[in-house]
1. Could you sort LYS122, LYS19 by accessible area so the largest value comes first, with the probe set to 1.4 Å?
2. Just by accessible area at a 1.4 angstrom probe, what is the order of TYR52, TYR20, TYR69 from largest to smallest?
3. Given a 1.4 Å probe and the protein chains all in place, what does the accessible area of CYS31 round to, in Å² to the nearest 10?
4. Using a 1.4 Å probe and counting only protein heavy atoms, arrange HIS127, HIS113, HIS100 so the residue with the most accessible area comes first.
5. Using 1/(1 + (r/R0)^6) with R0 = 22 angstrom and r between the beta carbons of ALA38 and ASP17, what's the FRET efficiency to the nearest 0.05?
6. Can you check what the net charge comes to around LYS45, using other residues whose Cβ is under 11 Å from the Cβ of LYS45 (Lys, Arg +1; Asp, Glu -1)?
7. Tell me the carbon and sulfur percent of the accessible area for region 25-161, rounded to whole percent, probe radius 1.4 Å.
8. Take every Cα pair under 8 Å in region 26-147 that's 6+ residues apart, average their separations, divide by the length, and report that relative contact order as a whole percent.
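The values are calculated or read from the model by the stated rules, or taken from the named source; none is laboratory data. Everything quoted here is computed from the prediction, not taken from an experiment. Cβ placement follows ideal geometry from the backbone for every residue including glycine, while neighbour counts extend to all protein chains displayed. Surface areas here come from the heavy atoms of the whole protein model, side chains and all, with no ligands, DNA or RNA. Shrake-Rupley method; radii C 1.70, N 1.55, O 1.52, S 1.80 Å.
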Amino acid sequence: NIVPEKVSAEFYIRALDKKYLQKLIDQVDLCAEGAAIATQTAWCKTPTAATYDNMKANSTGIAALAEIYQELGLELNGDSEKIFGSSDAGNVSYVCPGFHPCLQVTEPNVPIHTRGFAEAMKTDRAHQALRDGAKIIALQIAKIFSDEEKIKAMKEDFDRN
């Protein structure tokens, strides 16, 4: 049974894990193959969209981000294990260490891709988040690449995960 009786948020978060998601896909493919055999038909699978992987964890880089947020007086936005959406940043993080800092630009529970979210992007809060985001990215680069020990630890984290 790959889907719990009561589907929880934790199930969806776990399903975002690249390896676990591939296991689910393989199981569904086997079901389709079995149905085709049982009905003496054929089946084929055609991708309809790009796939997006979860972010590959890198504790050294994540710790550096936490330091930067603290230095800038910013609150970490949400639980990184529960933040998800569509982005190829996760795919990149399986090729090289990657990070996806988040900043709150709206009131909580404002869904993206809505008029309310679009309107929020015109506010001073959103413009400040853009400035803060640029600082976070620049400081992340400086903090990691100016420290040989951090570079080494980040590479070790990447290879281990």
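1. Values: LYS122 135, LYS19 155 Å².
Putting LYS122, LYS19 in descending order of accessible area: LYS19, LYS122.
2. On the way: TYR52 110, TYR20 35, TYR69 5 Å².
Ranking TYR52, TYR20, TYR69 by accessible area, largest first, yields TYR52, TYR20, TYR69.
3. Counting only protein heavy atoms, CYS31 exposes about 100 Å² to solvent.
4. Numbers: HIS127 75, HIS113 170, HIS100 100 Å².
These residues rank, largest area first, as HIS113, HIS100, HIS127.
5. Values: r = 31 Å, r/R0 = 1.40.
It comes out at approximately 0.10.
6. On the way: positive: none; negative: ASP29, GLU33.
After counting each charged neighbour, the total is -2.
7. On the way: 5720 of 9780 Å².
Whole-percent figure for carbon plus sulfur exposure: 59.
8. Numbers: 77 pairs, mean separation 31.2, N = 122.
Contact order relative to length: 26 percent.
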